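Structure first, then comments.
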Amino acid sequence: MFRWFEQRLDPYPADPPQMPPQGLWRFILHFSQGAKGYMLAMAACSALIAVAEVVLFGYLGQLVDRLAGADRASFWADEGGRLLLMGAILVIGLPLLQVLFSLIMHQTLMGNMPQRIRWQAHRYLLRQSMSYFQDEFAGRIATKLMQTALAVREVAMKFMDVLVYVSVYFIGALILAASTDGWLALPFLSWGVLYGLLLWWIIPRISRISEAQADARAVMTGRVVDSYTNISTVKLFSHSSREEAYVRESMEGFLVTVHGQMRLASVQNILLSTLNSLLTFSVTLLGLLLWSRGQVEVGAVAVAVPLALRLGNMSHWIMWEFAGLFENIGTVRDGIGSLALPRMVTDARGAEKLVTQLGGVDFDHVTFRYGEVARPGRGAVLDDLSLTIAPGEKIGLVGRSGAGKSTLVNLMLRFHDLESGRILIDGQDISQVTQESLRAAIGVVTQDTSLLHRSIRDNIAYGRPDASEAQILRAAELAEAGFIAGLTDSQGRRGLEAHVGERGVKLSGGQRQRIAIARVLLKDAPILVLDEATSALDSEVEAAIQSQLDLLMQGKTVIAIAHRLSTIARMDRLVVMEQGRIVEQGTHDELLARGGIYAGLWARQSGGFIEAE
């Protein structure tokens, strides 16, 4: 039975992820798709439970009146049918409703719904533009994802459960009190108005402070994760105290919101307790006055006073539920600001997969600025640059830092969209093909190699998940990664099964680089980008790997970036860049003979690196 209800809502829908709407209720409805039918069923159960409880209260008053004047001999014959019906409601009807309500809430919705939201939001975020992740803490994004998923569930379910139950129960209680005497309904009506005013005053304040608290919590978590992620830098610079102060600042900001929230909680409890005491006092006093004047029977008083006590007890629960509701609304509003952002780089409508046969690349009058198109007087990172790379040609990009070399590669990978111009691969405009197929055709080894916190095997096979054991071992061998056999992690896993730690922290820079090279070797893409690919290797290992890189580059179009000119001097053609433009092209010998910028860079290199501007 439990499993059947647990399988009613699919936590991992296969539909393509869509950008969530930015309006609060549209955002909640977007992530409630598929669960709405079950939430309506849960709300129907809540309404029926509330009706049943009010009906039982009403019958209790009638029973007291009948007991006062009933003939004991004929009581069971006269009252037996009604008692049987009420007993069936109490013993069978209410438990069955509670069972159905509990199964829908706990088995179908409580676990599956937030998981469904996390899955949909995570799939959307994975396809976000690179600039999105460059502008945010990873820990902050993860916190927003997790807390927003829970908050959306709580808002949706509280509206469908608590709001329905409370509304039906209060209206039923009002009708029940008024059916005995109109005056007896007056304290309940007055209490309802004052209770509504209290909610109207306190709930928006809770919502605002909860939104601020959600953001402060995300900032605090982001700073803590940032310290842990960069722990080697913290220790190298002996800045533990500085990191403590950095995190404490965010913790203090979070604590301010907690104190504000707790002050509101105290005010809420004080006012509500006073209001409930006045309700019970006024109902009891008015009931006794009406009874003493003969306007109501004793059964009416016997119902009204417990009903007032019941509402008083419920009111604390209701207030906390509503406070929780609007606290979660604040969290959702905060999450919308991170999760419901448009992608800066999107696939064109009807985009097809890139078909690569030869691997020729054309940069056609490319102009690009980092978000500064509308700012006059700012030079472009790439300014009307045109470059044709023939299939199988190996070129080296040369230039000082900031010349635009890495930007050129990032644009080819379509991490950003161009301001103007086109980039073509085998005659296909990369803006008209899917990003997944584009990046599948390009292998990249960068200077800042970041590995996944998974096994060595998973990291090497990341570019080709279906690779065989022999292919993985061969790639590791070609990358001179013989150290793998001796690796062991904290869980006792060895060799290819050993885990590398977050971002590969358990490996040295050279080891990480060799794993990255093995990964690209196995991917075997037709276009290869080497962005300071051997910068983390010592001279001996670099010399050993260089021959394998030569093997890797055979039959591929290669773009290599290096500040150490000796590593790219053997390329088919060198392209010298300066301030976003191509200023020289040719072979190493041709450029030296020309005596231009490249020759000057070569002459000034000491230790094999280009000097800074």
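Here Ser46 passes the criteria (1) small (Gly, Ala, Ser); (2) closer than 17 Å to Leu97 by Cβ; (3) part of a loop (DSSP other than H, G, I, E, B) except the one numbered (3).
Considering only residues that are exposed (fewer than 12 other Cβ atoms within 10 Å of the Cβ) and farther than 19 Å from Ser508 by Cα, which ones fall in region 463-496? Within region 463-496, Pro465, Asp466, Ser468, Glu469, Ala470, Gln491, Gly492 qualify.
Out of everything in region 1-35 that is assigned to a helix (DSSP H, G or I) and in contact with a helix residue (DSSP H, G or I) (Cβ under 7 Å, 6 or more places away or on another chain), what residue ends up being nearest to Gln115 (Cα to Cα)? So that I can check it myself, show each step before the final result.
In the first step, residues of region 1-35 are kept if they are assigned to a helix (DSSP H, G or I); the result is 2-6, 24-31.
Next, only the ones that are in contact with a helix residue (DSSP H, G or I) (Cβ under 7 Å, 6 or more places away or on another chain) stay: 2, 5-6, 24, 27-28, 31.
Working: Phe2: 18, Phe5: 16, Glu6: 12, Leu24: 20, Phe27: 16, Ile28: 14, Phe31: 11 Å.
Ranking the candidates gives Phe31 first.
Considering only residues that are modelled with pLDDT under 90 and under 16 Å from Ile442 (Cβ atoms), look in region 390-406 and name the one that is surrounded by the most Cβ atoms within 10 Å (Cβ to Cβ). Among them, the one singled out is Lys405.
Yes/no per residue for (1) under 25 Å from Asp426 (Cβ atoms); (2) surrounded by 15 or more Cβ atoms within 10 Å (Cβ to Cβ); (3) among the hydroxyl-bearing types (Ser, Thr, Tyr):
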| residue | (1), (2), (3) |
| --- | --- |
| Ala560 | yes, yes, no |
| His563 | no, yes, no |
| Asp572 | yes, no, no |
| Met577 | yes, yes, no |
| Glu590 | no, no, no |
| Arg594 | no, no, no |
| Leu601 | no, yes, no |
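From the residues in region 55-86 that are at pLDDT 80 or above and under 54 Å from the mean Cα position of the chain (by Cα), which one is surrounded by the fewest Cβ atoms within 10 Å (Cβ to Cβ)? Among those that are at pLDDT 80 or above and under 54 Å from the mean Cα position of the chain (by Cα), it is Leu84. Counting the residues of region 473-504 that are out of contact with any helix residue (DSSP H, G or I) (no Cβ under 7 Å at 6 or more places or on another chain) and of a type in the set (Val, Ile, Thr) gives 1. Quick one: is Arg519 in contact (Cβ under 8 Å) with a residue 60 or more places away in the chain, surrounded by fewer than 20 Cβ atoms within 10 Å (Cβ to Cβ), among the basic types (Lys, Arg) and in contact with a helix residue (DSSP H, G or I) (Cβ under 8 Å, 6 or more places away or on another chain)? So Arg519 fails the test. Quick one: would you say Leu255 is within 30 Å of Ala149 (Cβ to Cβ), part of a helix (DSSP H, G or I), without any contact (Cβ under 8 Å) to a residue 40 or more places away in the chain and of a type in the set (A, V, I, L, M)? Answer is yes for this residue.
Every test in (1) touching a Phe, Trp or Tyr at 6+ places or on another chain (Cβ under 7 Å); (2) touching a residue at least 60 places away in the same chain (Cβ under 8 Å) is passed by Glu419 save one, and that test is (2).
If you take just the strands (runs of 3 or more DSSP E) that sit entirely in region 373-447, which of them hold at least 3 residues that are out of contact with any helix residue (DSSP H, G or I) (no Cβ under 8 Å at 6 or more places or on another chain) and within 23 Å of Glu578 (Cα to Cα)?
Numbers: elements: 382-389, 394-398, 420-425, 442-445.
Passing ranges, in order: 382-389.
Residues that are closer than 30 Å to Gly139 by Cβ and part of a strand (DSSP E or B) were ranked within region 463-520; the one that is nearest to the chain's Cα centre (by Cα) is Arg503. A single entry from Gly287, Gly330, Gly294, Gly359 fulfils the requirement of being in the same structural domain as Leu145 (by TED's automatic domain parsing) and at positive phi: Gly294. From the list Gln491, Gln471, the one residue that fits, being within 30 Å of Leu354 (Cα to Cα) and outside the structural domain of Val409 (by TED's automatic domain parsing), is Gln471. A Cβ distance below 8 Å, combined with a sequence gap of six or more or placement on separate chains, defines the contacts here; from region 33-58, residues that are of a type outside the set (Asp, Glu) reach residues that are outside any helix (DSSP H, G or I) in the pairs Gly34/Leu9; Gly34/Asp10; Gly34/Pro13; Ala35/Leu9; Tyr38/Arg8; Tyr38/Leu9; Met39/Ser32.
Looking only at residues in region 448-462 that are outside any loop (DSSP other than H, G, I, E, B) and of a type in the set (Gly, Ala, Ser), which one is surrounded by the most Cβ atoms within 10 Å (Cβ to Cβ)?
Ala461
Among the residues of region 63-75, is there at least one that is of a type in the set (Lys, Arg) and within 28 Å of Ala216 (Cβ to Cβ)?
Going through region 63-75, the residues of a type in the set (Lys, Arg) turn out to be 66, 72.
Okay, now just the ones that are also within 28 Å of Ala216 (Cβ to Cβ), so none.
Checked against the condition, which is being of a type in the set (Lys, Arg) and within 28 Å of Ala216 (Cβ to Cβ), region 63-75 yields no hits at all.
The residues of region 335-352 that are surrounded by 14 or more Cβ atoms within 10 Å (Cβ to Cβ) and in contact with a Ser or Thr (Cβ under 7 Å, 6 or more places away or on another chain), listed by number, are Gly335, Leu339, Arg343, Met344, Val345, Asp347, Ala351.
Rundown of residues vs (1) modelled with pLDDT of 80 or more; (2) of a type in the set (A, V, I, L, M); (3) at negative phi, yes/no style:
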residue: Ala543; (1), (2), (3): no, yes, yes
residue: Ser547; (1), (2), (3): no, no, yes
residue: Ala562; (1), (2), (3): no, yes, yes
residue: Ser566; (1), (2), (3): no, no, yes
residue: Met571; (1), (2), (3): yes, yes, yes
residue: Val576; (1), (2), (3): yes, yes, yes
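The values are calculated or read from the model by the stated rules, or taken from the named source; none is laboratory data. Note that the structure is a prediction, hence the values are computed from the model and not measured. Note that we place each Cβ from the backbone using ideal geometry, even for glycine, and neighbour counts take in every protein chain shown.
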